[in-house]
Amino acid sequence: MTRGSYETRLDPELWVYIDAVNAWYPPEILGLPIDKQRAVYDRMSRAFHQGRPPGVKARDGLIAAAGRDIPVRRYQSAGTAAKAMVVYYHGGGFILGGLESHDDICAELCAGTGFDVLSVDYRLAPEHVHPAAFDDAVSAFEWAATTSGLPLVLCGESAGGNLAAAVAQATRRHASAAIGQVLIYPGLGGDESAGSYIEHAEAPLLSVGDIAFYRDVRSAKRQSPDDPTFSPLRDTDFSGLPPTVIVTAECDPLSSDGEAYRDRILASGGRAWWHEEPKLVHSFLRARTTVPAATEAFARIVAAVGALGRGAWPY
């Protein structure tokens, strides 16, 4: 990868992170079979794993849904009576990741808020194209809504941000609809002819070519781009959504999706806040312990989840 204008635009400590990711998972890996990509991604995730904070316990389980079982992992703070549950959808372009790849992030989210966190191991493409991941995401929400007895906050990053938004839209009239959602550099199916899609088309760690690759792998035959369960920004109704916080990275082609989503919610009379983290790139959550700007961004994310789970508006 050539650094181009990003050589001086991004801080040296962020370049250390970017180079470390590319050493594990270089851009050209998209040409390999999916199972090989997953093996490399899983090794990279283990290399970046920070361990779980003291006092956080986790247990694995299965959610029965329409003839299939959805693996989940529930995190709880020992000795703390949780006031809410976070339903967390991991990133990975809908083809990568699972309970292990984002284990430490979920554990830290649990420790930072005192809330239970339910990490969802939804089905991945290409074995399971859309709407498989969405169906699993909704089933996990419905299970949490009916069994946890806790208010729910939806949260996800990248592909998981897409799922969280799609679930929020599909379940907004549920008897136990989410009381908030936090989307972290989500891909929402925005306008690829403008904004960050053009300015940051070749950004480090995610390019528009990567986005197209993941979208194509996920798509069923004759997939409509206007399906809001596939592209939440293509919905025609943004009313009735829970209070929403969207955090994106400046140097990420997906950043404009966050701005557009905020604007649609506000125009429909809802409450939403979007923040673009300056001089950061897609996947900055993995840099939260080594890059000060990512550390601060993650702290803001945890604080937003905490406030929404308590029924407060953080901004």
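Since every read-out is calculated from the coordinates, none of them should be taken as a lab result. All of these numbers come straight from a predicted model, not from anything done at the bench. Note that we place each Cβ from the backbone using ideal geometry, even for glycine, and neighbour counts take in every protein chain shown.
Listed by Cβ neighbour count within 10 Å, with the fewest neighbours leading, Lys57, Lys279 appear as Lys57, Lys279. Taking label positions 7 Å along the Cα-Cβ direction at both Arg59 and Glu100, the computed distance is 2.3 nm, reported to one decimal. With a Förster radius of 41 Å applied to the C-beta separation of Arg234 and Ala78, the computed FRET efficiency comes to 0.45.
Computed from point charges on the beta carbon alone (+1 for Lys and Arg, -1 for Asp and Glu), the dipole magnitude for the range 1-116 about its Cα centre is near 360 Debye. Using a cutoff of 8 angstrom between alpha carbon atoms and counting only pairs six or more residues apart, the relative contact order for the range 183-311 works out to 29 percent. The separation of the range 31-66 from the range 237-315, counted between C-alpha centres, amounts to 23 Å. The value of relative contact order for the chain, using C-alpha pairs under 8 Å at least six residues apart, is 17 percent.
Placing a label point 7 Å from the Cα of Ala312 along the Cα-to-Cβ direction, the residues of the range 238-261 with a backbone N closer than 17 Å are 243-245.
Kirkwood-based Rg over Rh for the range 48-144 (C-alpha set), two decimals? Don't skip to the end; give the middle numbers.
Working: Rg = 13.4 Å, Rh = 13.7 Å.
Result for the range 48-144 is an Rg/Rh of 0.98.
Just checking my list (i) -0.61, -1.10; (ii) -0.40, -1.24; (iii) -0.46, -1.25 against log10 I(q)/I(0) by the Debye sum over Cα atoms at q = 0.09, 0.15 Å⁻¹ computed from this structure; which label fits? Checking each listed value against the structure points to (ii).
Cβ crowding within 10 Å ranks Leu124, Leu163 as Leu124, Leu163, fewest other Cβ atoms first. Exposure proxy shown here: for Ser207, Ser176, Ser193, the number of other Cβ atoms within 10 Å sets the order, fewest to most, as Ser193, Ser176, Ser207. Whole-Hz Karplus values for the range 105-120 come out as 5, 5, 5, 5, 5, 5, 5, x, 10, x, 8, 5, 10, 10, 8, 10 Hz, taken residue by residue from phi with 6.51 cos²θ - 1.76 cosθ + 1.60 and θ = phi - 60°; glycine and proline positions read x.
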